[in-house]
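Read-outs throughout are calculated quantities, based only on the coordinates presented, and are distinct from any laboratory measurement. Since we're looking at a predicted model, the values are computed, not measured. Note that each Cβ is placed from the backbone with ideal geometry, even for glycine, and that neighbours are counted across all protein chains shown.
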Amino acid sequence: MLLIHCPYCKESRDQSEFSPAGEAFIARPKNPEGISDEEWADYVFYRTNHKGNHWEQWVHANGCRKYFLVERSTISHQILQVAPFGARNNETEL
Amino acid sequence: MQTKYSWYSLLKAGLSGQDWDQAIPLIQPKSKYDVIIIGGGGHGLATAYYLAKECGINNVAVVEKGYIGGGNTGRNTTIIRSNYLRDEASSLYEHALQLWEGISEDLNFNVMFSQRGVYNLGHNLQNMRDIERRVNANVLNGVDAVVVDANEIKQQIPIINTSKNARYPILGASYQARGGVARHDGIAWGFARAASMIGVDIIQDCEVIDIEVEEGRVKGVKTTKGEIKADRIGCVSAGHSSVLAKMAGLRLPIESHPLQAFVSEAMKPVLHTVVMSNAVHGYISQSDKGDLVVGAGIDGYNSYAQRGSTKIVEHAAAAILELFPIFSRVRMNRQWGGIVDVCPDACPIISPTKVEGLYFNCGWGTGGFKATPGSGNVFAHTIAQDKQHPLAEPFHIDRFTTGALIDEHGAAGVAH
């Protein structure tokens, strides 16, 4: 069972309050009409599925209902850091 | 030296103080093979077996990072059925079920395949409409299936709770009489032994650490037991498919999740069939040993850890108690998780890739065990002919680009 720190509520709560919401940093294509079927497939279906430290989205479903970012190990489940959206804007690598 | 199992060999080994022949030789890899199969689970071993038996390719190695049958093959709840909704999926799973029906004789290994029937319960009107639709589709596809009502279920399974006052009352079910269970790791041992008897090298404790690709063609693998060359490589590594794909510079439309199961203490026969419920999220059967085998759902987050969250187990236990209040005092014995490779449409990928000579058989998600012989069979033909077996054609990885998905979430999404 995970103990997750919500960066908005600023409290660590039981995992049962949260729902996982998939891999982070998948940006919707900026020119949807201009890209190929392969690029669409990559955006919609293909995933990194990284083994190791992995950035993902969680939503505080039974709390503030906001989405945020979590870096978590997919090997040990250890949560390394949490961040609100937008924190990555001025950094090359979060 | 391996000999055929028979009454005579049983008697001889029994009388001579269990002097059994070695089932599978422990060997070191050669430097080159015609085909390398990565992953010594049921699907991979079946692929190697059918390559040697039906495709005339005997110079095959199966490389397994652990021991055979030690991954998802030995971690699932062993349910076998073929009552899928879509034509493509039901044809593939029915092909597998027909192979199951003759597999013990074919392999000369008792995989304890027991066709004890599978019930998929419906708890509301929409469930029942979906069940009737699926049963009709099954019948049109030549798959045996019937709709049964709550009274018939109660007659067949007296311990089930069909009270109208239940939180999720049982209105009926689909029933596939030819479905059932099998000995999970038995199928891996059987395929491994039969394959090694016709020339396949099964190399355990041999982890692939890189896949060599030159000018878009696969050349071989680097393993913990040295380099092995091959012009054709089949990846059948379930939860670790994305890891292997990355070695070859590919991405897959797959995410790995933990799927959990648990068993009770062994007890006297109480449940003679398999009961599954998508709506309450649990499925149960009783093994030949006597323990109740209960399967849960997946955790929503990605993981390679072979363990999941407690709340998922609690949820499955609650669902089972809802169906079978009699089990409320049953003590649970063990609980574990396996890493399943989930595809967006809950259907597998059996496909060549952009890398020439590299094939993937993955994405079976939460329900691959039932397909073991069929999966290996169509994948072997796909590798041997460099052309997809007709049953595998709809499962090309390009379906995620063309949009021709095979949406099986209704029949496959939750319960297996």
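When the inverse distances between all different Cα atoms of the stretch B:1-130 are averaged and flipped, the Kirkwood radius reads 18.2 angstrom.
Look at the dipole of the stretch A:3-93 built from charges on Cβ: of A:TRP40, A:GLY63, A:GLN78, the Cα furthest out on the positive end belongs to A:GLY63. The residue among B:ILE153, B:ALA89, B:GLY365 whose Cα reaches farthest toward the positive pole of the charge dipole of chain B, with charges on the beta-carbon of Lys, Arg, Asp and Glu, is B:ILE153.
When +1 charges are put on Lys and Arg Cβ atoms and -1 charges on Asp and Glu Cβ atoms, the dipole computed for the protein assembly as shown relative to its Cα centre reaches about 1200 debye.
Cross-link partners among lysines for A:LYS10, C-alpha distance below 16 Å, same-chain residues fewer than 8 apart left out? Cross-link targets: A:LYS66.
Cross-link check: pairs B:LYS4/B:LYS30; A:LYS51/B:LYS354; A:LYS30/B:LYS311 evaluated at a Cα-Cα cut-off of 32 Å; pairs beyond the cut-off: A:LYS30/B:LYS311.
Relative to the longest principal axis of the Cα atoms of chain B, helix B:42-54 runs at roughly 60 degrees. For the stretch B:314-329, backbone phi angles converted through the Karplus equation (6.51, -1.76, 1.60; θ = phi - 60°) give residue-by-residue couplings of 4, 4, 5, 4, 4, 5, 5, 5, 4, 7, 10, x, 4, 8, 5, 9 Hz, Gly and Pro being listed as x. The trypsin sites (Lys or Arg not before Pro) of the stretch B:340-416 that meet both conditions, a loop assignment by DSSP and at most 16 other Cβ atoms within 10 Å of the site Cβ, are B:LYS354, B:LYS387. Dipole orientation for the stretch B:250-376: of the candidates B:VAL313, B:PHE262, B:VAL330, B:VAL330 has the Cα lying most toward the positive pole (charges on Cβ; Lys, Arg +1; Asp, Glu -1).
When exposed loop sites are taken as GluC sites (Glu not before Pro) in a DSSP loop with at most 10 other Cβ atoms within 10 Å, the longest stretch of chain A clear of them is A:1-90. Averaged over the residues of B:294-304, the number of partner chain Cβ atoms lying within 10 Å of the residue Cβ comes to 5. Of all the options A:ASN53, A:ASN31, A:ASN62, the one that moves most in a Gaussian network model of chain A with Cα springs shorter than 10 angstrom is A:ASN31.
Taken about its Cα centre, chain B carries a charge dipole of about 840 debye when Lys and Arg each add +1 at the Cβ and Asp and Glu each add -1 at the Cβ. Its residue count N sets the reference 2.2 N^0.38 Å, and the alpha-carbon radius of gyration of the protein assembly as shown equals 0.99 times that reference.
Note on chain B: GNM, Cα springs under 10 Å; of B:TRP20, B:TRP364, B:TRP100, the largest mean-square fluctuation is that of B:TRP20.
The longest part of chain A holding none of the exposed loop trypsin sites (Lys or Arg not before Pro), meaning those outside H, G, I, E and B in DSSP with at most 12 other Cβ atoms within 10 Å, is A:31-64. Which angle between 0 and 90 degrees, to the nearest 10, do you get for helix B:184-197 versus the longest principal axis of chain B when only C-alpha atoms count? Between helix and principal axis, roughly 30 degrees.
Computed from point charges on the beta carbon alone (+1 for Lys and Arg, -1 for Asp and Glu), the dipole magnitude for chain A about its Cα centre is near 400 Debye.
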